[in-house]
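Asker: Encoded as structure tokens, here's the structure I'll be asking about.
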Amino acid sequence: MSMYKSIFFIAAIIAASTIAGNAQINNAKTETVKVFGNCGMCEKNIENAASENRVSTADWNEETKMATITYNSEKTTLDAVLKNIALAGYDNQNFLAPDDVYNKLTACCKYERTEKQEAITKKLSSEPMSLLVTHTAETNQLKAVFASYFLLKDALVKTDATAASTNAKSLQTSINAVQMGKLATDVHVVWMKVLSELKEDATRINETKDISKQRDYFMRLSKNMYELIKIAKPTETVYYQFCPMANDGKGANWLSKENGIKNPYYGSQMLTCGKTVETIKQ
């Protein structure tokens with residue numbers, strides 16, 4: 001086989017692979033956008049951050065700093081993909097990477113951040129209101145997540161392991177239903193930070209009928225839910241409460257829609273043990 005035939009053959013394989021990959025994405029939409037980076041490692045990081053099986057893929061060019069993104073328009077949005085890229089440390093035409101994430105990139109990946117950040121910020125702030133996600137919109141989207149959490153808390157107050165398991169299952173469903181692309185940037189950052197542990201703890205509570213274990217998993221679940229509800233702004237006043245006796249005397253928190261103490265860690269044994277340490281308002 002001649003050199004030219006070999007090159008053509010390799011190119012055909014690459015093209016076929018790309019087409020096959022995109023063919024697996026239904027309702028596919030493809031867009032080309034600016035994503036800043038430096039090297040081959042950046043390419044891998046950017047493409048990994050943008051890729052989700054059968055939902056989205058990306059092909060980033062090191063020379064042009066352009067990424068071709070293909071995504072299922074019924075399951076995600078371009079903004080959702082670009083947010084994930086930013087959260088991996090890479091500024092792009094719509095979103096800036098958090099400074100702490102950028103600072104953790106390896107030396108070769110630290111692209112120059114200049115006036116482009118200011119331009120991106122101005123672009124975002126000048127978008128028409130119809131294109132911006134408001135805190136009200138994302139709070140409505142997270143409403144089912146918070147509602148399931150409070151039902152789970154109430155079940156633990158009643159020391160009802162079966163109800164706790166059932167409500168933890170509802171919480172799993174609510175978490176999985178959240179469309180990340182519709183969250184505002186600051187809420188999205190927190191959501192991505194706590195998502196893995198929220199899923200893990202909800203799953204563990206659902207899978208056991210041991211009330212002691214359910215209460216143990218509820219501690220971290222409550223900590224992460226607090227971070228989320230603080231940034232998302234609740235639709236009603238929420239109380240962050242604390243029991244000094246829980247967690248082997250180390251103390252543990254939970255969220256409640258009532259200022260009165262109903263302790264989910266001890267139930268009727270020490271129902272009113274604790275205090276409100278913070279009031280979270282709309």
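Asker: Condition first: in contact (Cβ under 8 Å) with a residue 60 or more places away in the chain, polar (S, T, N, Q) and under 14 Å from Leu142 (Cα atoms). Now tell me which residues in region 170-226 satisfy that.
Answerer: Gln179
Asker: If you don't mind, another one. Only one of these conditions is not met by Lys250: (1) within 21 Å of Ala184 (Cα to Cα); (2) free of Cβ contacts under 8 Å to residues at least 40 places away in the same chain; (3) of a type in the set (Lys, Arg). Which number is it?
Answerer: Every listed condition holds for Lys250 apart from (1).
Asker: Output the number of residues of region 42-77 satisfying the condition of being touching a residue at least 60 places away in the same chain (Cβ under 8 Å) and part of a helix (DSSP H, G or I).
Answerer: 2
Asker: Let me ask something additional. Residues in region 7-41 that are assigned to a helix (DSSP H, G or I), at pLDDT 90 or above and not hydrophobic (A, V, I, L, M, F, W, C): how many?
Answerer: Qualifying residue count, region 7-41: 1.
Asker: Say we look at region 138-181 and pick out the residues that are part of a helix (DSSP H, G or I) and basic (Lys, Arg); which of these is farthest from Ile85 (Cα to Cα)?
Answerer: Here the residue is Lys153.
Asker: May I ask you to say which residue of Asn253, Asn259, Asn206 is at negative phi and either touching a Cys at 6+ places or on another chain (Cβ under 9 Å) or of a type in the set (Lys, Arg) (or both)?
Answerer: Checking each option against the conditions leaves just Asn253.
Asker: Also, quick follow-up: Taking Lys193 and the conditions (1) part of a helix (DSSP H, G or I); (2) charged (D, E, K, R); (3) over 14 Å from the mean Cα position of the chain (by Cα), which numbered condition does it fall short on, given that it satisfies the others?
Answerer: Among (1) part of a helix (DSSP H, G or I); (2) charged (D, E, K, R); (3) over 14 Å from the mean Cα position of the chain (by Cα), the lone unmet condition for Lys193 is (3).
Every residue, every condition in (1) in contact with a Pro (Cβ under 9 Å, 6 or more places away or on another chain); (2) part of a helix (DSSP H, G or I); (3) not β-branched (Val, Ile, Thr), yes or no:
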residue: Lys209; (1), (2), (3): no, no, yes
residue: Ser212; (1), (2), (3): no, yes, yes
residue: Asp216; (1), (2), (3): no, yes, yes
residue: Ile231; (1), (2), (3): no, yes, no
residue: Tyr239; (1), (2), (3): no, no, yes
residue: Ile261; (1), (2), (3): no, no, no
residue: Val277; (1), (2), (3): no, no, no
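Asker: Going by the conditions given, is Leu255 crowded, with 18+ Cβ neighbours inside 10 Å and of a type outside the set (Ser, Thr, Tyr)?
Answerer: The answer is yes for Leu255.
Asker: I'm checking my understanding of the structure. Among residues of region 78-100 that are in a loop (DSSP other than H, G, I, E, B) and in contact (Cβ under 8 Å) with a residue 40 or more places away in the chain, which one is surrounded by the most Cβ atoms within 10 Å (Cβ to Cβ)?
Answerer: Tyr90
The values are calculated or read from the model by the stated rules, or taken from the named source; none is laboratory data. Computed from a predicted model, the values in this text were never measured in an experiment. Note that each Cβ is placed from the backbone with ideal geometry, even for glycine, and that neighbours are counted across all protein chains shown.
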